[in-house]
Amino acid sequence: MLRLERRPQPSRVWVWATPVLAVCLTMIAGGILFAILGKDPVAAIRMIFWDPLFSQQFAAFSRPQLLVKAGPLILIAVGLAIGFRAGIWNIGAEGQYIIGALCAAAVALAFFPSGPADVRLFGTVLFSFDAAPSRWWLFPLTIVAGAAGGFLWAMIPAILKTRFNTNEILVSLLLVYVAEKLLAAASVGWLRNPQGAGFPGSRNLSQFPAVANPEILPGTGMHWGVAIAFVAVIFGYVLLHRHMLGFHVQLAGQAPRAARFAGVAPARLVVFCLGISGLLAGLAGMFEVTGPARMITIDFNVGYGFTAIIVAFLGRLHPVGIVLAGLLMALTYIGGELAQFMLGLPSAAIQVFQGMLLFFLLALDMLSNYRIRLAYREAA
Amino acid sequence: MTTPLLAIEGLTKAYPGVIANEEVSFVIGEGEIHALLGENGAGKSTLVKTIYGLIRPDTGQMQWRAAPYAPTAPHEARATGVAMVFQHFSLFDAMDVAENVALGMDDPPPIRQLAARIRQVSTDYGLPLDPGRLVGDLSAGERQRVEIIRCLLQNPQLLIMDEPTSVLTPQEVDILFQTLRKLRAEGRSILYISHKLDEIRALCETATILRRGKVVASCDPREKTSRQLAEMMVGTALTAPQRVGRDPGAVLLQVDGLSLRAPSAFGTSLKDIALTVRAGEILGIGGVAGNGQDELLAALAGELRAPHHVIRVQDQPVGRFGPNTRRALGLLCAPEERLGHAAAPDMSLTENALLTGAWREKLVWQVFIDWKRARNFAESIIARFDVRTPGPHVAARALSGGNLQKFVIGREIMQRPQVLVVNQPTWGVDAAAAAAIRQALMDLAQGGAAVVVISQDLDELLEVADSFCALNAGRLSAPRPVPGLTMEQVGLMLGGAGDMEVAHVAT
């Protein structure tokens, strides 16, 4: 029978082999799922993983989408990975992403060149601006607003945890739904396009060059958010592997008592980890709303904040791994849409498919700490 | 003579490198409270776990009312009539008392019925307890009552209690003793494990004393003094080595009136601790585990903060400083728990060298880690302290206990501390490594550092220390010079036979 034997120290080979194995198992299990749904499994898997990049029919459109989707995933996942290494579980990046986008959009719309320059809340004018559409500092200001929005939204679970010892997993997760309500309220209320004939949704920010976040290199999908994501990867790598704070983050995650002995203040670490992940999620929201999404809408968020959790684990909480995992998960988004479109797969099937990946990954992670031995049952 | 309830004959249990029980034989009669005495590591836990079916002995046998008794699992022991109250409770805070009791039973009745029985038993035995209360709201004493009632519901003939009073207030101890006497009056037997000699003399009529896994004596504790019991426990064969008195230097570490509330429910509060350690001096602090050793180390290391002037290093108040500021001032510590406290188990030795050595050894430039220097530091610890490991890239948990201990102590000593505090420096370490660690501590003191050694190993303390105090229930006795200190005096200081006697000897 099979027996698990604890390894004296974690296997480096398996730490990186498990994601690959998990992807393979997900393809198999996903194929079975698609077959049960009455679709050709090989075609579906091919549609998800191969066609977006290499099919002549779709690649021209879907290749640039890869970076568009991977950018926010990587940006959010790098922040999450820092917290996860410290054992601080920010599950609410989706909410921080939404609030970041809302704050950024609010600032951008306050300066929108045409129409009233009032920012209203529940019908009352909060503040008014002289529209000054071409100021150079507008885009940086929007970035700051997005980062601050995500940061402050993440401070809610951080402060509740340090003050009242609440569970940051629950608080951050539930705040996602609060953020979604705020998003809905904004798109039908105070951020609604005054010239939008009453339809929900804000003005189109791509029509406002001072704050727009277009493709830097046309046809690649590369926008400022993607560039910042790669900067964040480098920042994350330096922090985790070269900086004393990163060492303390990992120490706190692995051995909390040893971390206290090393002089780590747990409360400060909670604030830092939730803050940095919220900030990056807010940034992702900012670049999304000013870039690919163009505007605030009720369904602005598409689950990047949740998928980034999978990306962080699939990438072994390592910034470089996160880049690879982010690209892979972006592929499942694009391929999934393609499969929905071409094969009529339900969208839930694609979510199940992404969830399976995390499931297999976490299950297989056991292999890095244990080895499986074939053994006869020992007489007790 | 009547048939004893439980007869134990020649039990031996060996683990790699240590014999936990060797040819242990004794009998427990019907309706007696039998004390099992011994220092930490004397083999008491192994013995009771054997009786409770958690451990199977290598050789030897047990008889229950003259019938062979060899439980292979606790449920067999319970079916025979043995129940055990563990030192650490296994209760769920979020569930109420009745639910917790039901969880521990092999065949629980419906919860309403069970609650009624709990109420019945709790009034019968004078253990007030409401079955509907959440365990999370209960005091340590009340939690213990839950465990005891859980045992009593099985109607046991033999109740094993492991250190039951270690977490209780004096009032709770009184209630517990009344209950135990009532159980005895009903003809049940109790095997009572404790270090507290006064309690044993007040409660028990028979005592079996273990030392290094062997039964060294049996007696009626009521006829002995605490002093005699302590003598039997620690063994009179031990003699303090001759020490040459060193010239005392300047005071390097001074603690005045350190009182701290226990950080957790199972912790011990520190009460008005005062100590002074001079350059070149080694202060030995003895005491049974759980009397505040961990808390004292945490308070000195800076994990627990104290009023600023209460702790002073070279006359510099440090009470409010965190661990790293204290390290910068020369106060270094090595906690008892190697894996998880002194070292991170899954991190490499290089990373673990960085854990405390970062600033003092300049392994960090500004805020960036110099991995090369960190690795060199780890390598130099490995070389100087003979740590047997393939290299500094190995995870701490892959090292044997002794080797990791050498690394942990070495890491602090290599940083040339002015004051070093170590807790259980040679716990679980083989003889050669233990000797090396003790030598390193003595060399450090010889070099002009002040050293505090907290240990349960009396031999060790008498070997290395210049002065000795005992930590008992969070209180530290007055220090006494080790030269001329006899084992009896040490035993009395440790056993909590009262500070009065110690003070009397001191004058």
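Readers should treat all values here as calculations from the given coordinates under stated rules, not as data from a laboratory. No experiment lies behind these values; they were computed from the predicted model shown. Heads up, the Cβs are rebuilt from the backbone with ideal geometry, glycines too, and the neighbour counts pull from every protein chain shown.
If you project the alpha carbons of the protein assembly as shown onto their three principal axes, what span does each projection cover, largest first, in Å?
Here the spans come out as 101, 67, 57 Å, largest first.
How high is the relative contact order of region B:70-163, given as a whole-number percent (alpha carbon pairs under 8 Å, six or more residues apart)?
Worked out over region B:70-163, it gives 47 percent.
Could you calculate the FRET efficiency of A:LEU217 with B:GLN446 from 1/(1 + (r/R0)^6), where r is the beta carbon distance between them and R0 is 56 Å, rounded to 0.05?
0.20
Provide A:LEU217, A:LEU2, B:LEU441, A:LEU367 in ascending order of the number of other Cβ atoms located within 10 Å of each residue's Cβ, fewest first.
Ranking A:LEU217, A:LEU2, B:LEU441, A:LEU367 by Cβ neighbours within 10 Å, fewest first, gives A:LEU2, A:LEU217, A:LEU367, B:LEU441.
Pull up the DSSP beta bridges for region B:251-506 and report the antiparallel fraction as a percent, rounded to 5.
Antiparallel bridges: around 50 percent, rounded to the nearest 5.
Rounding to the nearest 10 and keeping the result within 0 to 90°, find how far the Cα-based axis of helix B:170-185 lies from the longest principal axis of chain B.
So the helix axis and the longest Cα principal axis differ by about 30 degrees.
Quick one: which of A:18-26, B:102-110 comes out on top by average Cβ neighbours within 10 Å, and what's the full order, highest first?
Going from most to least packed, we get A:18-26, B:102-110.
Dividing the alpha-carbon Rg of region B:251-506 by 2.2 N^0.38 Å yields what?
Working: Rg = 17.7 Å, N = 256, 2.2 N^0.38 = 18.1 Å.
Compared with the compact-globule rule of thumb, region B:251-506 sits at 0.98.
For every helix of n ≥ 4 consecutive DSSP H residues, a contribution of -39,500 (n - 2.57) applies; sum these over the protein assembly as shown, divide by its total residues, and give [θ] at 222 nm rounded to the nearest 500 deg cm²/dmol.
My calculation for the protein assembly as shown gives -15000 deg cm²/dmol from helical runs alone.
Could you pull out every whole DSSP H run in chain A that spans at least 20 Å of Cα extent along its own axis and averages 0.0 or higher on the Kyte-Doolittle scale?
Both cut-offs are met by A:12-36, A:59-85, A:93-110, A:138-164, A:168-188, A:224-242, A:266-290, A:319-343, A:347-364.
So, R0 is 56 Å and r is the distance between the beta-carbons of B:ARG305 and B:ARG227; what FRET efficiency does that work out to, to 0.05?
Result of the calculation: an efficiency of 0.90.
Using alpha carbons only, how many degrees (0 to 90, rounded to 10) separate the axis of helix B:111-124 from the longest principal axis of chain B?
Value to nearest ten degrees: 90.
With a point put 7 Å past each Cα toward its Cβ, work out how far A:ILE28 is from B:VAL216 in nm, to one decimal.
Taking the two extended label points, one gets 6.1 nm.
Which pairs in the list B:LYS271/B:LYS406; B:LYS49/B:LYS214; B:LYS372/B:LYS406; B:LYS214/B:LYS406 are over 26 Å apart, alpha-carbon to alpha-carbon?
Result: B:LYS271/B:LYS406; B:LYS214/B:LYS406 exceed 26 Å.
Counting only C-alpha contacts under 8 Å and six or more residues apart, can you give the relative contact order of region B:251-506 as a whole percent? The partial results should precede the final answer.
On the way: 519 pairs, mean separation 67.1, N = 256.
RCO, region B:251-506: 26 percent.
Once the Cα atoms of helix B:371-384 and of chain B are each reduced to a long axis, what angle between those two axes, in degrees from 0 to 90 to the nearest 10, is obtained?
For helix B:371-384, the angle is close to 70 degrees.
Would you tally the net charge around B:ASN100, using a Cβ to Cβ cut-off of less than 13 Å, leaving B:ASN100 out, and scoring K and R as +1, D and E as -1?
Value of the local net charge: -3.
Under the 0.36 nm per residue contour assumption, what length would be gained going from the current alpha-carbon distance of A:GLN351 and A:ILE234 to full extension?
Here the answer is 39.2 nm.
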